[in-house]
Amino acid sequence: MKAKREVVTLSSARESLKTARRIVIKVGTSTLAHSESGKLNLYRIEHLIREIADLHNAGKEIIFVTSGAIAAGLGKLGMKSKPQTIPEKQALAAIGQGVLMHIYEKFFAEYGKTIGQVLLTKENAADEQARENSKNSFQAILDMGAIPVVNENDAVAVDEIKIGDNDNLSAIVAAMTDSEVLIILSDIDGLYNGNPKIDKSARLIDEVTEINSEIENIAGGAGTKLATGGMITKIQAAKFATSNGVTMLIINGANVGNLRKALNGEIIGTIFPRRD
């Protein structure tokens, strides 16, 4: 069903996407994995990587923030649901991160792209020296013409040093690297003024110029059993990103071509213009 929209004009924020050079793209577990089995959706991953590789060919600097390590670990071990203990989750993340990177390496290499793995924790953002070191590492990878592939270091992270979700991680990375745009690929078309799964009259909001209590109240919990985020973490990410000079978008990651459409300034998803 085609989404009903509240705004139909093309904003200057969308126009600016056409000339953006450094872009952070974040993909969530709900986009990477099949909803029923929880195993990785290789068809969707391959098409996403092809699209990213082509954007890179067009001269964009891409930083790719990925979830999915635990889901990849579940699939590798044939498990149906997440374990509850921290050591088990860390073990799954360690197993799954290797699986995930192997798949990314294979697909990116098919399109002539080199990737570099970057695993972060909250310390990399909170400590000034660690943040500067991380920023320099990103810059070096980009200068070499490679694509950084980023995830939280779930294999060693505990609550005290854990960011907790990759929506907020991607916003931190976007600010740290002076990126112009953060695109969050979700399993929903964008931010609605209600829950479209239960409210057929819910409308898709094209542009959010201010993140106020009304916008925060719209957000709900995690969308799938495998995901750790939800709309609330995306709103948190948008607040951080826009206050640090980064324009953010939420678009549906299941639809092939959405990335290119968004970066061509088409009215797709929900945009949160940066606050200058």
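Return only the number of the condition from (1) in contact with a strand residue (DSSP E or B) (Cβ under 7 Å, 6 or more places away or on another chain); (2) more than 14 Å from GLY28 (Cα to Cα); (3) part of a helix (DSSP H, G or I) that ARG274 does not satisfy. Status for ARG274: all satisfied but (3).
Across the stretch 231-243, the qualifying residues are those that are polar (S, T, N, Q) and at pLDDT 95 or above, and the one among them that is surrounded by the fewest Cβ atoms within 10 Å (Cβ to Cβ) is SER243. Filtering the stretch 244-276 to residues that are under 22 Å from ARG203 (Cα atoms) and hydrophobic (A, V, I, L, M, F, W, C) leaves MET248, LEU249, ILE250, ILE251, ALA254, LEU259, ALA262, ILE267, ILE268, ILE271, PHE272. Just wondering, is there one or more residues in the stretch 179-200 that are in contact (Cβ under 8 Å) with a residue 40 or more places away in the chain, of a type in the set (Lys, Arg), out of contact with any strand residue (DSSP E or B) (no Cβ under 7 Å at 6 or more places or on another chain) and surrounded by fewer than 20 Cβ atoms within 10 Å (Cβ to Cβ)? Within the stretch 179-200 (the criterion being in contact (Cβ under 8 Å) with a residue 40 or more places away in the chain, of a type in the set (Lys, Arg), out of contact with any strand residue (DSSP E or B) (no Cβ under 7 Å at 6 or more places or on another chain) and surrounded by fewer than 20 Cβ atoms within 10 Å (Cβ to Cβ)), the answer is no, since none of the residues qualifies.
Among the residues of the stretch 20-44, those that are among the β-branched types (Val, Ile, Thr) and at pLDDT 95 or above comprise ILE23, VAL24, ILE25, VAL27.
The single condition among (1) at pLDDT 95 or above; (2) out of contact with any Pro (no Cβ under 8 Å at 6 or more places or on another chain); (3) closer than 18 Å to GLU152 by Cα; (4) surrounded by fewer than 19 Cβ atoms within 10 Å (Cβ to Cβ) that GLU88 does not satisfy is (1).
The values are calculated or read from the model by the stated rules, or taken from the named source; none is laboratory data. Small disclaimer: the values here were computed from a predicted structure and weren't measured. Every residue, glycine as well, gets a Cβ built from its backbone with ideal geometry; the counts of neighbours run over all protein chains shown.
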